[in-house]
Amino acid sequence: MRRLMKLAAETGYKEAFLDTLTTNYRAQRLFEKLGFTKSGGGRMGPFDLLFYTRKLNQGGE
């Protein structure tokens with residue numbers, strides 16, 4: 001994930017967005033450990049989702 005964020009920053013992306021099921025606690029902990037913050041929630045079909053965002057810097061960290 002860190003390598004992917006670094007590559008995204010190096011190619012000009014300024015922000016990363018992720019989503020996961022509200023019941024996927026492992027993914028939520030991972031995203032938060034990597035510096036993502038909850039930015040909202042929503043529903044897609046029958047699934048309740050949480051949205052995460054993180055600003056990217058030049059180093060991707």
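Rounded to a whole number of µm²/s, how large is the Stokes-Einstein D of the chain at 37 °C and 0.692 mPa s, given Rh as the Kirkwood radius over C-alpha pairs? Please report the intermediate quantities before stating the final value.
Values: Rh = 12.0 Å.
Estimated diffusion coefficient is 273 µm²/s.
Provide, for the range 2-55, the number of lysine pairs with alpha carbons under 13 Å apart, each pair being eight or more places apart or on different chains.
Close lysine pairs found across the range 2-55: 4.
Are there chymotrypsin sites (Phe, Trp or Tyr not before Pro) in the range 14-61 that DSSP puts in a loop and that have at most 13 other Cβ atoms within 10 Å, and which ones?
none
In the range 1-58, which trypsin sites (Lys or Arg not before Pro) fall in coil by DSSP and have 14 or fewer other Cβ atoms within 10 Å?
Answer by residue number: Lys14.
I'd like the Karplus ³J(HN,Hα) series for the range 16-27: coefficients 6.51, -1.76, 1.60, θ = phi - 60°, whole numbers in Hz, and an x wherever there's a Gly or Pro.
10, 10, 9, 9, 8, 5, 5, 9, 8, 5, 5, 5
Which value in deg cm²/dmol, rounded to the nearest 500, describes the helix-derived mean residue ellipticity at 222 nm for the chain, given -39,500 (n - 2.57) per DSSP H run of n ≥ 4 and division by the residue count?
About -8500 deg cm²/dmol.
Defining a contact as two alpha carbons under 8 Å apart and six or more residues distant in sequence, what relative contact order in percent does the chain show?
50
For Thr37, Thr11, which order do you get if you count the other beta carbons within 10 Å of each Cβ and list the fewest first?
Thr11, Thr37
Every read-out reported here was derived from the displayed coordinates using simple, explicitly stated rules and does not represent laboratory data. Bear in mind that the values here come from a model prediction, so they are computed numbers and not experimental data. Cβ sites come from the backbone with ideal geometry, for glycine too, and all protein chains shown count toward neighbours.
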